[in-house]
Amino acid sequence: MVSLLPFLGSSRRRFDSLTPREILALAISSEEEDGAIYALYASRLREAYPASAAVFDAMAAEENEHRRQLIDLYRARFGDLILPIRREHVADFYARKPVWLVENLGLERIREEAEAMERQARAFYLAAAARSTDAEVRRLLGDLAAAEAAHEAGAARLTEEHLGGAAGAEEVSTARRQFILTWVQPGLAGLMDGSVSTLAPIFATAFATQDPWTTFLVGLSASLGAGISMGFTEAAHDDGKLSGRGAPWKRGLASGVMTTLGGLGHALPYLIPHFWTATALALVIVFVELWAIVWIQNRYMETPVRRAMFQVLLGGGLVLATGILIGAS
């Protein structure tokens, strides 16, 4: 009779202490979990990326077939009772991320996670086989490593089969568009608002008081206030279901963080106690911020450089001049 107490108690077993029966039971549960993860990926991608969903559907089917083969082998050698051993019961076995951490990943990250899953499993089995002194365990681990290598090659084959040609190019284009709508566009709007709208109050305070600490406090409050306002506004005005712009919390986060950073960029120099040194550094940072906005507009929004320069540099310059003139008057 096999005791399950080592796996049901608080302590976990080391992988190299497992018997061949225990290793085979662990492989069965691991294949089952990986198949469920691939099915989840397929479900997550089906609407926006049907070709990639087909890849993960096929990978899930392969994992289920491997699980069936392992079960057949287990029954032939050890009977019908499969030991309830899972990854979390083994101290040095590779782990998978919880479902709630992976179900909202983007297309490229999901593909990377799937590749890592196959590599991780194969590498672990090879390392475990190399340090095992039991010939039967060593052979079994080698077989599992070979199976994982076949999985990895199969994944590459399935990717080529389902994502070759126009389907793959279309999904890359869709993923890029979604990235821009969800992260770049609200982030850019926040950066522009934070960088430009805070220029007037910060530099007006600077030239009116010539007190770096007071200027920093005004800049800090303006940046944080603007970031909170922009973040909530972006998240609240569109739930993303009809517009396809993505989850509101992601857009709100991008907008709020970039708004805050845009304002803090030229507020932080006023932590320097010397007024003119702080002001000179703040002006340099303003110049860098405005050029960063121009670059992002050209890189992701395909705005011509000259038009972006005219819009951003002219608008930012006018707001900066307004703040300086008001503060110095």
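Read the figures in this text as sums done on the coordinates, not as results from a lab. All values derive from a computational prediction rather than experimental measurement. No Cβ is skipped: glycine too gets one built from the backbone with ideal geometry, and neighbour counts run over all protein chains shown.
Modelled this way, with points 7 Å down the Cα-to-C-beta line, the labels at Gln311 and Trp213 are 4.2 nm from one another. With a cut-off of 13 Å between beta carbons, the residues surrounding Ala308 carry a summed charge of +2, where Lys and Arg count +1 and Asp and Glu -1. Whole-Hz Karplus values for the stretch 253-266 come out as 5, 4, 5, x, 5, 5, 4, 4, 5, x, x, 5, x, 9 Hz, taken residue by residue from phi with 6.51 cos²θ - 1.76 cosθ + 1.60 and θ = phi - 60°; glycine and proline positions read x. As a proxy for reagent exposure, Phe216, Phe56 were ordered by neighbouring Cβ count within 10 angstrom, fewest first; the result is Phe216, Phe56.
Around the amide H of Leu83, modelled in the peptide plane, lies no amide H under 5 Å away from a residue 5 or more places distant or on another chain.
From most to least packed by mean Cβ count within 10 Å, the peptides 195-205, 44-54 give 195-205, 44-54.
Close amide-amide hydrogen proximity is noted between Arg13 and Ala91, each under 5 Å apart and 5 or more residues distant or on a separate chain (H modeled in the peptide plane; Pro and chain starts excluded). When you filter the GluC sites (Glu not before Pro) in the stretch 195-302 for DSSP loop state and at most 10 other Cβ atoms inside 10 Å of their Cβ, you are left with Glu302. 3J(HN,Hα) along the stretch 196-203, derived from phi through the Karplus expression 6.51 cos²θ - 1.76 cosθ + 1.60 where θ = phi - 60°, amounts to 8, 5, 8, 4, 4, x, 5, 6 Hz, with x in place of Gly and Pro.
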